[in-house]
1. Averaged across A:63-75, how many Cβ atoms of other chains sit within 10 Å of each residue's Cβ atom?
2. Between region B:216-262 and region A:294-335, what is the C-alpha centre distance in whole Å?
3. At B:LEU256 and B:GLU223, where each label point lies 7 Å from the Cα along Cα→Cβ, what is the point-to-point distance in nanometres?
4. Note the per residue figure in Å³ for the convex hull of the C-alpha positions in region A:126-245.
5. For region A:34-45, in order, what is each residue's ³J(HN,Hα) by Karplus, 6.51 cos²θ - 1.76 cosθ + 1.60 with θ = phi - 60°, in whole Hz (x at glycine and Pro)?
6. Give me a single rounded figure for A:203-214: the average over its residues of other chain Cβ atoms within 10 Å of their Cβ.
7. Nothing charged except the Cβ atoms of Lys and Arg (+1) and of Asp and Glu (-1): what's the magnitude of the dipole of chain A about its Cα centre? Round to the nearest 20 debye.
8. For region B:269-341, what class follows from the C-alpha gyration tensor (a ≥ b ≥ c being the square roots of its eigenvalues): rounded when a/c is under 1.5, otherwise prolate if a/b is larger than b/c, else oblate?
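Computed from the coordinates by the stated procedures, all read-outs in this text should not be read as laboratory data. Since we're looking at a predicted model, the values are computed, not measured. We place every Cβ from the backbone using ideal geometry, glycine too, and count neighbours over all the protein chains shown.
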Amino acid sequence: MLGILRRKLACNGNSAAPMTVRDALNSALDEEMSADPKVFLMGEEVGEYQGAYKISKGLLDKYGPERVVDTPITEAGFAGIGVGAAYYGLRPVIEFMTFNFSMQAIDHIINSAAKSNYMSAGQISVPIVFRGPNGAAAGVGAQHSQCYAAWYGACPGLKVLAPYSSEDARGLLKAAIRDPDPVVFLENELLYGESFPISAEALDSSFCLPIGKAKIERIGKDVTITAFSKMVGYALQAADILAKDGISAEVINLRSIRPLDRSTINASVRKTNRLVTLEEGFPQHGVGAEICATVLEDSFEYLDAPVERIAGADVPMPYAANLERMAVPQVDDIVRAAKRTCHRTSALAATA
Amino acid sequence: MACSATAKFIQPPTISFRSSAEISDSFSSLGSTSSLPNKKLFSVSNNKKKNAIISPLSRRSATVVAVSSHVVKEEKKLNSTSSSSARTLLLTKEEGLELYQDMVLGRAFEDMCAQMYYRGKMFGFVHLYNGQEAVSTGFIKLLKKEDCVVSTYRDHVHALSKGVPARQVMSELFGKTTGCCRGQGGSMHMFSKEHNVLGGFAFIGEGIPVATGAAFTSKYKREVLKEDCDEVTLAFFGDGTCNNGQFFECLNMAALWKLPVVFVVENNLWAIGMSHLRATSDPQIWKKGPAFGMPGVHVDGMDVLKVREVAQEAIARARRGEGPSLIECETYRFRGHSLADPDELRDPAEKAHYATRDPITALKKYIIENNLASEAELKGIEKKIDEEVEEAVEFADASPVPGRSQLLENVFADPRGFGIGPDGKYRCEDPKFTQGTAQV
């Protein structure tokens, strides 16, 4: 539905000039810091270096070093400091240079942030955002390429978001900063430079997207493809290719890994009867596994074919460019998987 | 390796005792310099008794015994000469009784916990504080309500000293809904927003960054939000934690940003069965402060008055905005690491020695010798506390266990985090949601 609305807006010429994801994130941070003096940004290189990926460009000059805090290289320390600051009344945004480094601080994300509202029976809420690039970049090797959506998505007490477009980035980051609970905000380095059209509504400083609602990026009727972050772009490309073969794919941009919008996913599967889940991370216990489980639980009779799970290869990310390409899902993988779901059914299904 | 460790460890008692004015001098002079490896900041005797105390290292207890007994002896000597008047001035009758009451409450409460545990009313991990009361009372009784305390799993007495009612702590331990965390936290996770007890953490070292963060908030409120805020945070943790990375990360950042936090090390010489001397390359923890640019002070943690003196200066320093301090309190836990610990590795001689330095007995003696109160008054306090603890147990016993619906409550401050249900509406909006269906 939102997909249709977006196209309508575009047709009416109401959208402003395209905006990169980087600018979208920067503007969201800027607006939220301006609106609430309790919001501050903390992380490595966020101040004088303008952000390791330039996401926080200009913020130091605007808000000063007390609110844009350059830290020493101490993830456990500064993530914990952020949590403590949130316990006592501020609204920190903690940047991890990549989420791989969040593993050094994962105790604080889970044990002192996610669980605290529960352990204190609602007395201590933790309005913190942990953000940074997640997943594979290009040629950065095994220790810099892991996707953490599944790990954080498993933890009660956390909200986990994964934006795709600039509108997602703006709306979800603003929602995350305003949210009273800990939010893990998984960006993607390769998306930072990509431009997306953005509506005037999304540029408004009060714009916010609801947490827990997926977006149907492209309406279809033959197969549902769920994806998040960079993979949404791949899914859309695959959908274009599939359309030429007469397969109409519905692409769901999850936006929110936790809570997962099971209702949208199930409604879509009940409509198309086929599901392909798509993610960049490791396959075992991944986001796709959870989506499969939820669809089997809720919509088993509607499935006309086994669910296809596309994930990254079950290996640490290799360095060589050609191997890396093989380790991450590519558009043809998605096309092939979608076709597999369609051809496994009886001949009648293809015409529906 | 062990020998050199011991030699270093023995040195602290050669430091001389000074009056409180001199103590504050040490603190303030440190503020202007950034590395003071040799400065002894808190002193015990004026005479440099360098060699008198060094005994051959026999691993754990003997060395420690030697050190501490001399500390006590020198204290008593000075007491009888010039400092007794100086010391009495440090404590009024009200303060004396307040400290006594707080320590007795801590002790009585923990003893009751042990009883209740063995009767099956309390379960899981319970870590008792017997013997360390001087540290909690000495520090926390100097705080305002808005100041924060962050602790470890050995947190019952920190919560009590900070003002959380005994009945709420006891209920929490029983897992009842009237507990300070409605039974959802437990022994190791005491939180109180009202009294600013920010946990209660099971992972050692986890509380240190959280405390540093609360101090960051205090500074931020003052400097960015321009509020009138001089709140201080105390971080309590043990000797084992001082080998953990987060400890050093926070010493660095707290000193770097001059955060109003006091790092209080409760050095009770033992992790579970791992002696501090076996685990640490340089066992003198107070030395790690100056390495990061903050005062490092060693104090006799079995003497509440000494702890209080040092605490006053450290807290005042933090309030003035001069930054953090590292206070190493040499203390001892009379019981095992937890109620499940058979406590077989510690030398009985060591335990006996520290039992003679019981902080409650010491304070009682001091109060009576200096005519601050009569024995009868102190007995009255003990009786009152016993009744309070009994009442807490009765209250906890009589309280209900959490209802089934409580399972899903408080996971999020914004329960829309539970997502959207099959009917397309947020699950939390469904009135049946918290009635205990397993389908979340």
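1. Working: counts 1, 2, 0, 7, 3, 0, 4, 0, 5, 4, 1, 8, 2.
Mean partner-chain Cβ count within 10 Å for A:63-75: 3.
2. 46 Å
3. 1.3 nm
4. Numbers: hull volume 16.4 nm³, N = 120.
Spelled out: Cα convex hull of region A:126-245, divided by residues, is 137 Å³.
5. Listing the rounded values in order: 6, 6, 9, x, 7, 7, 9, 10, 9, x, 7, 6 Hz.
6. Working: counts 0, 0, 0, 0, 0, 0, 0, 3, 4, 7, 5, 1.
Averaged over the peptide's residues, the number is 2.
7. Working: 34 positive and 41 negative charges, 187 e Å.
Approximately 900 debye in magnitude.
8. Working: a/c = 2.67, a/b = 1.58, b/c = 1.68.
Taking the square roots of the gyration eigenvalues as a ≥ b ≥ c, region B:269-341 is oblate.
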